Amino acid sequence: MPSCSKCSQPAVTHIRYSGTHLCRDHFLRFFEKRAKMAVHDQGKLPKGTIAVALSGGKDSVSVLHFLHGLTAHRPDVDLVAISVDEGIDGYRDSALDICKELTDQLNVPWHVVTVKELGGYTIDEFSERDGGRAPCSPCGVFRRMGMNQLARELGCSAIATGHNLDDTAQTILMNVLKGDSDRLARLAPHNVNQPVEGLVPRLLPFRTIPEKEVLLYALLQGLPLHHEAECPYAEKAQRFMLRDMLLELEGRTPGTRHSLLRFHDRVKPLLLEEMGVADVRQCPNCGEPTSSDRCKACDWKA
Ligand code: Q46
Ligand code: ZN
Ligand code: ZN
């Protein structure tokens, strides 16, 4: 590896889309600068308690570590970690051990809710009920619901998640392909200063940072992280097909993921203006916010 483009130290990485080689210190500075800028662009860190969605993977342990450092001198901000245990045999348990280890290390309170408590079935059971199909729809629905409920009960002003550039670009593309302009308009990040009734706004500090760089950050910081293979349902999930597609496109045309993000940033305000945010109402069944007559979680429970 050649030396750093900014100093004489050996480089630890090559940032292809900017054409620079960076040493450990310059990489960490470059990484945190973009994460701070994303927080700033999303309305700055709100006062009070911020929930950090923690799964034990590289993204979530990194975002907890980053925010722990960022709030160390902010007596007006507290962190709390929240996790949803989906009930996926052989996959989630070891990840929860990592969550325990890191929250103990950082002295951050940690709360867990299970999909079984929320929806009456584990994600494995939802898959069985659905003829063995990938249970990603109920998984996403109950994860969002669990995070929102926990954060609301804990009085949190925002939920920070570790979503990186690759995740964000995949979600945008997935909703474009489904033609779901409603979801596109409501996708996180939200402006933490303009919350929607019943919905705790999402903060995505790493949304402009590629997945590979988040992994490097976690490794360079020596964070405990879940190395298990992917979720056993990942192979069947559309998201993972899009991940491979996007990586191929990125290989041919570096900057593709950033372009998708910029596209969404420009289109989102236009969609919101056209649809309005006011039609979020309470589900008559469970009281959770929804844009339809009944929320998706209640549909799955039925
Ligand atoms: S955890 Fe859940 Fe993912 Fe597994 S069941 Fe699908 S959505 S693949 S990110
Ligand atoms: Zn350097
Ligand atoms: Zn409901």
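Any read-out appearing in this document is the output of simple, stated calculations on the displayed coordinates, not a laboratory observation. As the structure is a computational prediction, the values presented were derived from the model and not from experiment. For neighbour counting, all protein chains shown are included, and Cβ atoms are generated from backbone atoms with ideal geometry for every residue, glycine included.
Overall form of the stretch 1-108: oblate. Here a/c, set by the Cα gyration tensor axes a ≥ b ≥ c, is 1.5 or more, and a/b is not larger than b/c. Normalised by the number of residues in the chain, the average gap of Cα pairs under 8 Å and 6 or more apart makes the relative contact order 21 percent. Take every DSSP beta bridge whose two residues both sit in the chain; close to 30 percent of them are antiparallel. Pairs of Cα atoms nearer than 8 Å and 6+ residues apart set the relative contact order; for the stretch 1-67 it is 18 percent.
Residue by residue, the stretch 243-260 carries 3J(HN,Hα) couplings of 4, 5, 4, 5, 5, 5, 4, 5, x, 7, 10, x, x, 4, 5, 4, 5, 4 Hz when phi is fed to the Karplus relation 6.51 cos²θ - 1.76 cosθ + 1.60 (θ = phi - 60°); x denotes Gly or Pro. Across the stretch 132-143, rounded Karplus estimates of 3J(HN,Hα) from the backbone phi angles (6.51 cos²θ - 1.76 cosθ + 1.60, θ = phi - 60°) give x, 6, 4, x, 5, 5, x, 4, x, 4, 6, 5 Hz, Gly and Pro being marked x.
Close amide-amide hydrogen proximity is noted between residue 78 and 48, 49, 50, each under 5 Å apart and 5 or more residues distant or on a separate chain (H modeled in the peptide plane; Pro and chain starts excluded). The lysines whose alpha-carbon is closer than 18 Å to the alpha-carbon of residue 301, local same-chain residues fewer than 8 away aside, are 116.
Structural descriptor for the stretch 78-211: relative contact order 23 percent, calculated from alpha carbon pairs under 8 angstrom and at least 6 residues apart.
The stretch 80-154 and the stretch 1-63 have their alpha-carbon centroids 27 Å apart. Helices in the chain, meaning DSSP H runs of at least 4 residues, each add -39500 (n - 2.57). Divided by all residues, the mean residue ellipticity at 222 nm is -15000 deg cm²/dmol.
Residues whose amide H comes within less than 5 Å of that of residue 111, counting only those at least five positions distant or on another chain, are 81, 82, 83 (H built at 1.01 Å from N in the peptide plane). For residue 20, the residues whose amide H sits under 5 Å from its own are 15, ignoring neighbours fewer than 5 places away on the same chain, with H placed 1.01 Å from N. For the residue pairs 100/236; 36/58; 212/296; 6/33; 36/212; 33/58, the alpha carbons lie more than 21 Å apart in 100/236; 212/296.
Here the 3J(HN,Hα) profile of the stretch 293-298, calculated from phi with Karplus coefficients 6.51, -1.76 and 1.60 at θ = phi - 60°, is 5, 9, 6, 5, 4, 5 Hz, Gly and Pro shown as x.
For 296, 268, 47, what ranking results if the residue with the fewest other Cβ atoms within 10 Å of its Cβ goes first? Kindly include the intermediate steps, with their values, before the conclusion.
Values: 296 19, 268 16, 47 12.
Ascending Cβ contact count within 10 Å gives the list 47, 268, 296.
Between the listed residues 138, 161, 150, the Cα displaced farthest toward the positive end of the dipole of the chain, a dipole computed from Cβ unit charges relative to the Cα centre, is found at 161.
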